[in-house]
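The values are calculated or read from the model by the stated rules, or taken from the named source; none is laboratory data. Predicted model only: the values in this text are computed from it and were never measured. We place every Cβ from the backbone using ideal geometry, glycine too, and count neighbours over all the protein chains shown.
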Amino acid sequence: MPLELAETSDPGAADQEYLWTLNFGPQHPATHTTLRLVLTLDGENVVDAAPHIGYLHSGFEKLGEYLDFNQYVTIVDRMNYISPIANELSWHHTVEKLLGIEITPRCKYVRTILGELMRIHDHLLNVGAVALDLGAFTAFLYAFTQRERIYDIAEYASGQRFHSSYTRVGGVLFDVNNDWAEKVRQFVEGFKPVHAELHRLLTRNRIFIDRTKGIGVLTAEDAINMSVTGPLARASGVVRDLRKDEPYLAYPDLDFKIVCARGGDCYSRYVVRMQEMQESLKIIEQAVENIPAGPINVDAVTDITLPAKPAVYRSIEGLIQHFEVLMPNRGYPVPLDEGYGATESPNGELGFYIVGDGTTRAYRARTRPPSFIHFAIFPHLIRGHTLSDVVAVLGSLNIIAAELDR
């Protein structure tokens, strides 16, 4: 791509005679999505960077005003499409908080298991893709093989592999059975040696360490001031995790640790994600062996949850309840209130702000996606590094474009 003489916003570069502009993306293999970075270079050194978004705008937030609280789950699936069920958990967590609904113990455990599977799913993609960008192809194959197994588990529960649309207000689409629980157990046992193999491939790999250690350092103070959350903040020494600080679902009943590091560089972010996968395995193992009996959805007489499809197709009562929940002039009571709810998604704090107007559709639906915050810190992390470090820093942030252009 042609280079051009450029001006930079960095005052420290004012006395440099030759500065060049390089467009990195939006169509570039190392961006993995429609991201664009306008880099200002002094030779191979990055003097400044300007992130550009807007190539994938889908109107996600506006759609929240036209779809009801159950229908909108198909939209949040497509925000962070790497871990779709994690988005669903956050959305319906906020809706249930607004409505004052307490979901059943069984539902809490099933949602927790799926949420942690999505965390592993997301981290596997990040670790595999970062390794691939830096030249380690084998790790990428190990990671994607395990992601396929998680797809199978999601498909067994919901009927769909990718965009599962599994959660509902007050519950989930289908209950799970013993066969599903056995699939989860088999995944946990099969994943442990694969995780160990990834560790042997990368953690002490000299080339991987040289490409990531000391690169893109984010201090704890900067992480707090820039609203960074999730693995990026914890890799900088910020001990913050909503699963512990603002407990939800079954997390108060389960034993796990918050993984933190102090380096704040690309390597620390990799190590945190690797260890978080081990903690997720611990959570899943505890939860799958202690799934409570009982209903998966809240009491049906409240007319909040949608009935099971077999009941809709085979009984007049189920059909009536289905229309009672969906019809605009019926529905269920929604307070004239506003609320914010957040969960610890794989990339950090994923929150939704909802304004209720008495109907089953939000008057205003606003999302706080972690990728939007984290992409904004990229110029701060890359200044002073070389062009070859761009892929390492960008990969360590795990930016999902659909969360940017909402």
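Listed by first and then second residue, the pairs linking a residue in segment 147-161 that is more than 15 Å from residue 82 (Cα to Cα) to a residue that is modelled with pLDDT of 95 or more and loosely packed, with under 14 Cβ neighbours inside 10 Å, with Cβ atoms under 6 Å apart and 6 or more places separating them unless they lie on different chains, form an empty list.
Looking only at residues of segment 65-91 that are out of contact with any helix residue (DSSP H, G or I) (no Cβ under 7 Å at 6 or more places or on another chain) and not hydroxyl-bearing (Ser, Thr, Tyr), we find that the one that is nearest to residue 118 (Cα to Cα) is 84. Please tell me if residue 144 is in a helix (DSSP H, G or I) and free of Cβ contacts under 8 Å to residues at least 24 places away in the same chain. Yes, satisfied.
Residues of segment 254-278 that are within 18 Å of the chain's Cα centre (by Cα) and charged (D, E, K, R): 269, 273, 276. In segment 328-361, how many are acidic (Asp, Glu), in contact with a helix residue (DSSP H, G or I) (Cβ under 9 Å, 6 or more places away or on another chain) and more than 30 Å from residue 269 (Cβ to Cβ)? Looking only at that region, the number is 2. Total residues in segment 76-85 satisfying the condition of being farther than 14 Å from residue 158 by Cα and part of a helix (DSSP H, G or I): the figure is 1. When the residues of segment 36-59 are filtered to those that are touching a helix residue (DSSP H, G or I) at 6+ places or on another chain (Cβ under 6 Å) and in a loop (DSSP other than H, G, I, E, B), the one that is surrounded by the fewest Cβ atoms within 10 Å (Cβ to Cβ) is 44. Restricting attention to segment 61-75 and to residues that are part of a helix (DSSP H, G or I) and aliphatic (A, V, I, L, M), the residue that is farthest from the chain's Cα centre (by Cα) turns out to be 63. One residue stands out among those in segment 166-213 that are aromatic (Phe, Trp, Tyr) and more than 21 Å from the chain's Cα centre (by Cα): the one that is modelled with the lowest pLDDT, which is 174.
What number of residues within segment 359-389 are crowded, with 23+ Cβ neighbours inside 10 Å, modelled with pLDDT of 90 or more and over 22 Å from the mean Cα position of the chain (by Cα)? Residues flagged as crowded, with 23+ Cβ neighbours inside 10 Å, modelled with pLDDT of 90 or more and over 22 Å from the mean Cα position of the chain (by Cα) within segment 359-389 amount to 2. The listed residues are 171, 263, and the only one of them that is within 30 Å of residue 309 (Cα to Cα) and in contact (Cβ under 8 Å) with a residue 12 or more places away in the chain turns out to be 171. Of all the listed residues (344, 403), the sole one being surrounded by 24 or more Cβ atoms within 10 Å (Cβ to Cβ), farther than 25 Å from residue 279 by Cα, of a type in the set (Asp, Glu) and in contact (Cβ under 8 Å) with a residue 40 or more places away in the chain is 403.
Just to be sure, is residue 229 within 24 Å of residue 389 (Cα to Cα), among the polar types (S, T, N, Q), in the same structural domain as residue 150 (by TED's automatic domain parsing) and surrounded by fewer than 20 Cβ atoms within 10 Å (Cβ to Cβ)? No, not satisfied. The residues in segment 293-322 that are surrounded by 17 or more Cβ atoms within 10 Å (Cβ to Cβ), touching an Asp or Glu at 6+ places or on another chain (Cβ under 9 Å) and under 22 Å from residue 114 (Cβ atoms) can be counted, and the count is 6. Out of 350, 397, one residue alone is more than 14 Å from residue 32 (Cβ to Cβ), outside the structural domain of residue 47 (by TED's automatic domain parsing) and among the hydrophobic types (A, V, I, L, M, F, W, C). It is 350.
Restricting attention to segment 205-221, report how many residues are in a helix (DSSP H, G or I) and surrounded by 16 or more Cβ atoms within 10 Å (Cβ to Cβ). Total satisfying the criteria: 4. When each of 330, 361 is tested for being of a type in the set (Lys, Arg) and in contact (Cβ under 8 Å) with a residue 40 or more places away in the chain, the lone residue that passes is 361.
As a summary of the residue check, residue 325 satisfies the conditions (1) crowded, with 17+ Cβ neighbours inside 10 Å; (2) under 24 Å from residue 360 (Cβ atoms); (3) in contact with a helix residue (DSSP H, G or I) (Cβ under 9 Å, 6 or more places away or on another chain); (4) modelled with pLDDT of 80 or more except for the one numbered (3).
For segment 86-131, the set of residues classified as acidic (Asp, Glu) and part of a helix (DSSP H, G or I) consists of 88, 96, 116, 122, listed by residue number. Among the candidates 90, 83, the residue that is hydroxyl-bearing (Ser, Thr, Tyr) and out of contact with any Ser or Thr (no Cβ under 6 Å at 6 or more places or on another chain) is uniquely 83. Of the residues 203, 219, 212, the single one that is more than 23 Å from residue 46 (Cα to Cα) and polar (S, T, N, Q) is 203.
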